[in-house]
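Sending over a structure as structure tokens; questions will come in a sec.
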Amino acid sequence: MSGTRRVRPGMSGEALALTRFPAVRGRSLLGSDLALPGDLPAERTLVVVAFQRWQQARVERWIERAVEAGIPPTPRGRTGPLAVAVVEMPVLASAWRPVRRFIDGGMTAGIGDPDVLARTITVYTDVAAFQRSLGIRGSAEVHALVVTRDGAVLARGSGDPDAGSWAAIASALAGGRRPT
């Protein structure tokens, strides 16, 4: 499905503005353990969440759009706090945690680029609970969220980036607080 929804049917803008990114543990594909959202690389991070392997092309379209807009393509090598950043976040079921080394190792070998490895954070968690906390209905779409380190979700889009969804994302990344 192409196209983006910024406001989920049945939820007011006010309710979406209260959405919080859940506290989860993640690990970059370079091996850094992270407590999210506090360890996100920037004050405002575009977090592109995927639930299925086939969604990678959509993830890359969101990242390309961000990089074209001047968002650093990786947090790797940066010193000091960043104002904005982009990360991709594959979210997998907790049941896969025992084979995390194999799964993450396969992704690492397939990617190879240390800059991409640094911006890729895998999360093994209760997927349904993660989705509920963010108001996400199912795993069929990629979700792009602008998240602060304290967990506020400032803007969101899903599916492929389009002009309207990107405008909301770009505004939030620039420091404008718009209801999601």
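Of the residues Gly151, Gly135, which is in contact with a helix residue (DSSP H, G or I) (Cβ under 7 Å, 6 or more places away or on another chain), surrounded by fewer than 19 Cβ atoms within 10 Å (Cβ to Cβ), under 19 Å from Leu36 (Cβ atoms) and of a type in the set (Gly, Ala, Ser)? Reasoning before the result, please.
Details: Gly151 fails: in contact with a helix residue (DSSP H, G or I) (Cβ under 7 Å, 6 or more places away or on another chain).
Going through Gly151, Gly135 in turn, the sole match is Gly135.
Of these, Trp54, Trp62, which one is among the aromatic types (Phe, Trp, Tyr), outside any loop (DSSP other than H, G, I, E, B) and without any contact (Cβ under 8 Å) to a residue 12 or more places away in the chain?
That would be Trp54, the only listed residue that is among the aromatic types (Phe, Trp, Tyr), outside any loop (DSSP other than H, G, I, E, B) and without any contact (Cβ under 8 Å) to a residue 12 or more places away in the chain.
Which of the residues belonging to region 1-51 are farther than 19 Å from Leu117 by Cβ, assigned to a loop (DSSP other than H, G, I, E, B) and at pLDDT 95 or above?
Phe21, Pro22, Ala23, Pro37, Gly38, Phe51 - these are the residues of region 1-51 that are farther than 19 Å from Leu117 by Cβ, assigned to a loop (DSSP other than H, G, I, E, B) and at pLDDT 95 or above.
Follow-up. Does region 77-95 contain at least one residue that is farther than 21 Å from Pro22 by Cβ, out of contact with any Pro (no Cβ under 6 Å at 6 or more places or on another chain), buried (at least 20 other Cβ atoms within 10 Å of the Cβ) and not basic (Lys, Arg)?
Yes: region 77-95 contains one or more residues that are farther than 21 Å from Pro22 by Cβ, out of contact with any Pro (no Cβ under 6 Å at 6 or more places or on another chain), buried (at least 20 other Cβ atoms within 10 Å of the Cβ) and not basic (Lys, Arg).
Could I ask something else about it? Pick out, from region 106-180, the helices (runs of 4 or more DSSP H) lying fully within it that include 3 or more residues that are closer than 19 Å to Arg44 by Cβ.
It comes to 163-173.
A further question on this structure: Report yes if Arg78 is within 14 Å of Leu145 (Cβ to Cβ) and at pLDDT below 95, otherwise no.
Judged against the criteria, Arg78 is not a match.
Moving on. Identify all residues within region 104-134 that are among the β-branched types (Val, Ile, Thr), more than 16 Å from Glu60 (Cβ to Cβ) and either in contact with a strand residue (DSSP E or B) (Cβ under 6 Å, 6 or more places away or on another chain) or modelled with pLDDT of 95 or more (or both); write none if there are none.
Correct list: Thr122, Val123, Thr125, Val127.
Is it the case, given these coordinates, that Ala172 is surrounded by 23 or more Cβ atoms within 10 Å (Cβ to Cβ), touching a residue at least 60 places away in the same chain (Cβ under 8 Å) and more than 13 Å from the chain's Cα centre (by Cα)?
yes
Still on this structure, please answer the following. Looking only at region 68-100, which residues are assigned to a helix (DSSP H, G or I), touching a residue at least 12 places away in the same chain (Cβ under 8 Å) and farther than 18 Å from Ile111 by Cα? So that I can check it myself, show each step before the final result.
Here is the first cut: in region 68-100, the residues assigned to a helix (DSSP H, G or I) are 68, 94-100.
Next, from what is left, pick out any that are touching a residue at least 12 places away in the same chain (Cβ under 8 Å): 94, 96-97, 100.
If the condition is that a residue be assigned to a helix (DSSP H, G or I), touching a residue at least 12 places away in the same chain (Cβ under 8 Å) and farther than 18 Å from Ile111 by Cα, then Ser94, Trp96, Arg97 are the ones that fit.
The values are calculated or read from the model by the stated rules, or taken from the named source; none is laboratory data. No experiment lies behind these values; they were computed from the predicted model shown. Here Cβ is always computed from backbone atoms with ideal geometry, including for glycine, and neighbour counts include all displayed protein chains.
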